[in-house]
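Here's the structure we're looking at; comments come further down.
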Amino acid sequence: MTGTDSNGSGSMPGAGSGTAGPLRRSVRTELWRLVLVVLWLGMVAAISFIEAPLKFQAPGITIPLGLGIGRLVFAALNIAEAALLVAFTVLSLWPSAVRIAGARLFAWSALAVVFVVKIAVVRPPLNARTDLVLAGADPGQSPWHYVYIACDLVTMALLVILAVLTARAVLRRL
């Protein structure tokens, strides 16, 4: 059976030349990239900008209880972010026929750097502060919460950029 387009003219790109398989694979790869980016974006938006502020408004939630819950939730978010970053990295560098380049490569690289900074630089002082509060101390205000928020805002901006660029790549490959 030969490949045909929707009007049956037989002019479907790659029809009979063996390129339809790789074309489908490249579209699938791009769609998976898009799913990962949008999922990550939704998780950061929901947890960092909806759950985190709202939990302290719930009746009966004390600061130590809210911080304990927050520590667990953000640890889980960071694990999920790491998994999504690894998955996106694998899909971005392999297979070689559909590697990302240009603006997407830059956005992915920046996203990886922001994630590492958030985990290696920002989280440790936040965890130390949480430990002090949970031990009953009053460490005062901390600029690290604002730095973490800034990292999440940059992460979300980069994810939006990646989502748009990846959606365009999907449309080009259809």
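The values are calculated or read from the model by the stated rules, or taken from the named source; none is laboratory data. Model, not experiment: these values are computed from the prediction. Counting neighbours? That spans all protein chains shown, and the Cβs are built from the backbone with ideal geometry, glycine included. Ligands, DNA and RNA are excluded from the accessible area calculation, which covers all protein heavy atoms including side chains. Shrake-Rupley method; radii C 1.70, N 1.55, O 1.52, S 1.80 Å.
Details
- The condition of being more than 19 Å from the chain's Cα centre (by Cα) and either open to solvent by 80 Å² or more (accessible area, probe 1.4 Å) or free of Cβ contacts under 8 Å to residues at least 24 places away in the same chain (or both) does not hold for Gly102.
- Members of region 46-71 that are part of a helix (DSSP H, G or I) and over 19 Å from the mean Cα position of the chain (by Cα): Pro53, Leu54, Lys55, Ile63, Pro64, Leu65, Gly66, Leu67, Gly68, Ile69, Gly70, Arg71
- Any hit, region 21-40, residues being modelled with pLDDT of 60 or more, open to solvent by less than 80 Å² (accessible area, probe 1.4 Å) and closer than 30 Å to Asp131 by Cα: yes
- Meets criteria (within 27 Å of Val164 (Cβ to Cβ) and open to solvent by 60 Å² or more (accessible area, probe 1.4 Å)) for Ala87: no
- Being open to solvent by 60 Å² or more (accessible area, probe 1.4 Å), farther than 20 Å from Asn78 by Cβ and among the hydrophobic types (A, V, I, L, M, F, W, C) is a condition met by no residue of region 111-120.
- Scan of region 154-174 for residues that are touching a residue at least 60 places away in the same chain (Cβ under 8 Å) and either surrounded by 15 or more Cβ atoms within 10 Å (Cβ to Cβ) or farther than 16 Å from Ala103 by Cα (or both), ordered by number: Thr155, Met156, Leu159, Leu162, Ala163, Leu165, Thr166, Ala167, Ala169, Val170, Arg173, Leu174
- Members of region 28-45 that are under 10 Å from the mean Cα position of the chain (by Cα) and of a type in the set (Val, Ile, Thr): Val35, Val37, Val38, Val44
- Leu67 being farther than 24 Å from Ile161 by Cα and touching a residue at least 60 places away in the same chain (Cβ under 8 Å): yes
- From the list Leu153, Leu171, Leu158, Leu162, the one residue that fits, being farther than 25 Å from Val116 by Cα, of a type in the set (A, V, I, L, M) and part of a helix (DSSP H, G or I), is Leu171.
- Candidates in region 127-153 are the residues that are open to solvent by 70 Å² or more (accessible area, probe 1.4 Å) and among the aliphatic types (A, V, I, L, M); of these, the one that is nearest to the chain's Cα centre (by Cα) is Leu153.
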